[in-house]
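A short write-up of the structure that comes next.
Each value in this text was obtained by applying a stated rule to the coordinates, not by laboratory testing. As the structure is a prediction and not an experimental result, all values here were calculated from the model. So basically every Cβ, Gly included, is an ideal-geometry build from the backbone, and we count neighbours across all protein chains shown.
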There are 2 protein chains.
Amino acid sequence: MSTEQIKGHLDPLVLAVLEDGPRHGYAIIEQLRLRSGDVFDLPEGTVYPALHRLERLGLLTSVREVVGGRERRVYRLARRGRTALAARRREWTRFSSAVNAILAASSA
Amino acid sequence: MSTEQIKGHLDPLVLAVLEDGPRHGYAIIEQLRLRSGDVFDLPEGTVYPALHRLERLGLLTSVREVVGGRERRVYRLARRGRTALAARRREWTRFSSAVNAILAASSA
DNA sequence: TGCTCATACCTAGAGAACCTAAGCATAGGA
DNA sequence: TCCTATGCTTAGGTTCTCTAGGTATGAGCA
């Protein structure tokens, strides 16, 4: 009954970040934090497995890069990822409207 | 990657329904369906355990009633439930704003 | 009478997703 | 040298929803 629950909503957020161009995991985490105004400060153990899952589903592709002696895995939105993002945006609208309707309603 | 995800957001919805007055489980399910415009058509196996949990947490109280020969358990929002609802409304606003910010942003 | 449907509740176990916590590795600054 | 930031990985725990089964009453219909 305490913390924020992204449960089930992380996928579209990640896809949306990658809509602006390829990024590696660490940068994705940073973008989520920045764009959310510090609301989503997600642990690596949350985001990395999600990236693996999305790639396994064919929504992302990834390549390794070495930058400044350090290795990164850069993710890119696949065609199917774009389609999925559009669908998830619609689902979010539907979902959040429904929640708002119930939370707002003082149908006394 | 398919269905809607209420995960972690059911509690405030139930509390909000009970804000309008005491209701039994079956009626709560119906209210969630009606107020959401059929978006939330939740199975009993989802809602009943949630009600038990919320009561265990002291956010709800319940009494048995017999109506037309059938037994019901009628739930009422406890004082702590009201407080929790207010907090959860604020959290939802914060959460949904953050999601919207990320999903909307084509920060190209 | 027997059947089905709506009402009304309960719960065990499966499945999914996030988080904790640990580990590994490099670069750079104190 | 040590610490911090960067960067990735994964095992296991927790929590929540859903599936699927069970129980029971009342009403309508054949």
- Scope segment A:53-100; condition more than 28 Å from B:V39 (Cβ to Cβ) and within 13 Å of DNA strand C (Cβ to nearest atom); matching residues: A:R56, A:V66, A:V67, A:G68, A:G69, A:R70, A:E71, A:R72, A:R73
- Message: Within segment B:37-52, does at least one residue satisfy the condition of being in contact with a strand residue (DSSP E or B) (Cβ under 9 Å, 6 or more places away or on another chain) and either within 12 Å of A:I102 (Cα to Cα) or among the acidic types (D, E) (or both)?
- Response: no
- By residue number, the members of segment B:40-65 that are within 11 Å of DNA strand D (Cβ to nearest atom) and more than 17 Å from B:R80 (Cα to Cα) are B:F40, B:D41, B:L42, B:P43, B:E44, B:G45, B:T46, B:V47, B:Y48, B:P49
- Query: Could you list, in sequence order, the residues of segment B:13-38 that are closer than 15 Å to B:R76 by Cα and away from DNA strand C (no atom under 15 Å from the Cβ)?
  - Reply: B:L13, B:L15, B:A16, B:E19, B:D20
- Of all residues in segment B:11-37 being surrounded by fewer than 19 Cβ atoms within 10 Å (Cβ to Cβ) and in contact with a helix residue (DSSP H, G or I) (Cβ under 9 Å, 6 or more places away or on another chain), the one that is nearest to A:T93 (Cα to Cα): B:G37
- Task: Assess whether B:L103 counts as being crowded, with 18+ Cβ neighbours inside 10 Å, more than 25 Å from A:T93 (Cα to Cα) and more than 8 Å from DNA strand C (Cβ to nearest atom).
- Result: no
